[in-house]
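Q: Have a look at this one.
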Amino acid sequence: MTLLYIVAIIAIVLILFKLKPKPIEDTDRTTSIIHTHTDDKAIIEEIKKGNKINAIKLYRELHSVGLKEAKEAVDKLIEDFEGRN
């Protein structure tokens, strides 16, 4: 009878380990990092044209952030861009 309990416990433990959810890979973040340079080029092109609002809209779409975060990021890009010129 004790052997039966031991086998049952081992079976339960094995089942629980097998059912343990695997960690989700952060593929969105990796993809975002890979495409950020290209995406920022498009945003910078909007800034060069003087289309700050379009640059903010584009930043929001590409980076899935709110209006405040996008505006701050675009302002930072503008500062960096003006600093280079």
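The values are calculated or read from the model by the stated rules, or taken from the named source; none is laboratory data. This is a predicted model, so every value here is computed, not measured. Here Cβ is always computed from backbone atoms with ideal geometry, including for glycine, and neighbour counts include all displayed protein chains.
Q: Looking only at region 60-79, which residues are surrounded by fewer than 16 Cβ atoms within 10 Å (Cβ to Cβ) and among the basic types (Lys, Arg)?
A: Within region 60-79, LYS68, LYS76 qualify.
Q: For a quick check of your reading of the model, give me the residue pairs whose first member lies in region 62-85 and is closer than 12 Å to ASP40 by Cβ, whose second is assigned to a loop (DSSP other than H, G, I, E, B) and modelled with pLDDT of 90 or more, with beta-carbon atoms closer than 8 Å and at least 6 apart or on different chains.
A: Taking only residues 6 or more apart or on different chains, the pairs are ALA73/VAL65.
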